[in-house]
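Quick notes on the structure that follows.
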Protein chains: 2
Amino acid sequence: MVAMSLRHAMLGLLADQPASGYDLMKRFESSLSNAWPATQSQVYGELGKLTKAGLLEVAAEGPRGRKEYSVTDEGRAELHRWLTETPPSTVRRSDALLRVFFLNHLTPVEATAYLISEAERAAGHHRALEEVERNVDWGDDALSVNGRLALEYGLRFTAMREEWARWAAEELRKARQR
Amino acid sequence: MVAMSLRHAMLGLLADQPASGYDLMKRFESSLSNAWPATQSQVYGELGKLTKAGLLEVAAEGPRGRKEYSVTDEGRAELHRWLTETPPSTVRRSDALLRVFFLNHLTPVEATAYLISEAERAAGHHRALEEVERNVDWGDDALSVNGRLALEYGLRFTAMREEWARWAAEELRKARQR
DNA sequence: TTTTGACATGTCAGAGTTGGAATGTCGGCG
DNA sequence: CGCCGACATTCCAACTCTGACATGTCAAAA
């Protein structure tokens with residue numbers, strides 16, 4: 001029970017505004033998908049666990065068995081604790097980077113193709129984020145400020161990935177000529 | 001059985017050179033730790049599964065029960081298939097980025113402290129990689145070429161993270177003044 | 001010769017993640 | 001009114017990952 005960021009992602013979302021599991025899923029898909037994706041089964045399961053643990057409570061019940069959850073004081077305290085006292089884990093797995101270590105098992109042509117396709121993948125992702133940037137109505141509320149920071153991170157990250165991949169392809173070319 | 005990169009990381013390492021589970025662990029720690037960390041139990045468990053699946057074979061046995069594994073033709077084919085035909089998954093979880101979405105639940109001072117500590121964490125990581133760069137003897141072999149590419153990725157990534165975090169802290173400051 | 005440290009493997013429980021299946025309800029459009 | 005699509009929850013099997021525990025061997029330094 002050390003990491004478990006899903007839990008905190010849910011606390012954070014519900015601290016912004018109470019919601020049902022269904023609503024939560026949509027919020028995960030629309031805003032957190034690039035930072036912490038979650039599936040339905042995970043969300044509903046966690047909703048139950050967090051409620052039993054006293055970090056959430058069912059604030060209202062609606063039609064179709066809808067249960068609207070809100071964060072308790074204890075939940076808010078836990079969110080705060082996580083944000084201020086827990087150092088983010090540095091571990092980040094990347095199967096894209098992993099492949100780079102094994103590029104020597106491909107022909108130069110195949111390896112270059114991989115790097116170029118990585119560059120294009122990153123570029124595509126970058127364009128998608130630019131699209132988001134254009135379409136989102138940046139109100140002045142606190143939520144948008146954070147969203148903008150996260151979006152900028154994505155923009156910089158995808159740009160960096162594209163540049164790196166193109167650079168790496170070029171390095172490979174140079175190494176081959178030697 | 002779609003993703004499972006650990007499996008392919010092991011195939012890749014063993015394709016470079018046959019090794020025991022113990023050796024493999026050391027290689028994971030020294031070179032792959034930033035792309036795909038693995039624990040002992042995972043490595044030994046996977047070694048068994050891969051052997052049973054015919055992708056690996058025990059090439060030699062040594063003292064202390066040492067078993068040296070090597071990749072079979074089938075294993076090499078699978079490695080190649082993974083490298084060329086499987087698109088890297090774009091999903092990357094980041095609890096550091098996740099926190100950014102919830103910065104509005106902190107005071108401005110706390111939020112800024114978080115971003116600054118992120119910048120410093122990234123800077124520290126960056127310096128560690130520079131240290132690696134200085135100390136590694138860059139031979140001309142294929143392996144080093146890949147390692148250099150991966151190292152450069154790390155260098156660019158950590159630099160980007162530091163710059164972003166400092167920028168974000170500044171944005172927060174500006175937003176507060178409005 | 002004893003002891004220490006590196007070598008070496010194996011097993012386990014518990015937590016997290018994935019993807020899918022099953023089930024049912026409500027609101028509004030034709 | 002009947003149907004469709006969105007709303008809404010619950011359960012499950014299989015797999016991955018973490019961290020710890022357990023066990024034993026060999027080489028060489030003290």
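Each reported figure results from applying straightforward, stated rules to the coordinates on display, with no laboratory input. Here the structure is a predicted model, which means the values were calculated and not measured. Here the Cβ positions follow ideal geometry from the backbone for every residue, glycine too, while neighbour counts run over all protein chains shown.
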(message) Across region B:21-84, what fraction of all alpha-carbon pairs, as a whole percent, falls in each successive 5 Å bin from zero upward?
(response) 4, 16, 22, 26, 23, 7, 1, 0
(request) Count the net charge of all other residues whose Cβ sits under 10 Å from the Cβ of A:Asp23, scoring Lys and Arg as +1 and Asp and Glu as -1. (result) +2
(message) How far, in nm to one decimal, is B:Tyr44 from itself in the other copies if the label point is set 7 angstrom along Cα toward Cβ? Shortest first, please.
(response) 3.9
(message) If you take every residue apart from A:Phe101 with its C-beta less than 12 Å away from the C-beta of A:Phe101, what net charge results, scoring Lys and Arg +1 and Asp and Glu -1?
(response) +1
(request) Might you report the magnitude of the Cβ-based charge dipole of the protein assembly as shown about its Cα centre, with Lys and Arg at +1 and Asp and Glu at -1, to the nearest 20 debye? (result) 280 debye
(request) Evaluate peptide A:149-156: per residue, the Cβ atoms of other protein chains within 10 Å of its Cβ; return the mean as an integer. (result) 6
(message) With unit charges on the beta carbons (Lys and Arg positive, Asp and Glu negative) and the dipole taken about the Cα centre of chain A, which residue among A:Leu56, A:Leu14, A:Ala168 sits farthest to the positive side?
(response) A:Ala168
(request) Note the angle between two axes, namely the Cα long axis of helix A:73-85 and the longest principal axis of the Cα atoms of chain A, as a number of degrees from 0 to 90, rounded to the nearest 10. (result) 30 degrees
(request) Report ³J(HN,Hα) in whole Hz for each residue of region B:25-36, in order, from the Karplus equation J = 6.51 cos²θ - 1.76 cosθ + 1.60 where θ = phi - 60°; Gly and Pro get x. (result) 4, 5, 5, 4, 5, 7, 10, 8, 3, 8, 10, 7
(message) I need to check one value: relative contact order of region B:1-81, counting alpha carbon pairs closer than 8 Å and at least 6 residues apart, in percent.
(response) 35 percent
(request) Could you tell me the largest-minus-smallest coordinate of the C-alpha atoms of the protein assembly as shown on each of the three principal axes, in descending order and whole angstroms? (result) 64, 41, 33
(message) Can you return the lysines within cross-link range of A:Lys26? Criterion is Cα-Cα under 19 Å, with same-chain partners fewer than 8 residues away left out.
(response) A:Lys67
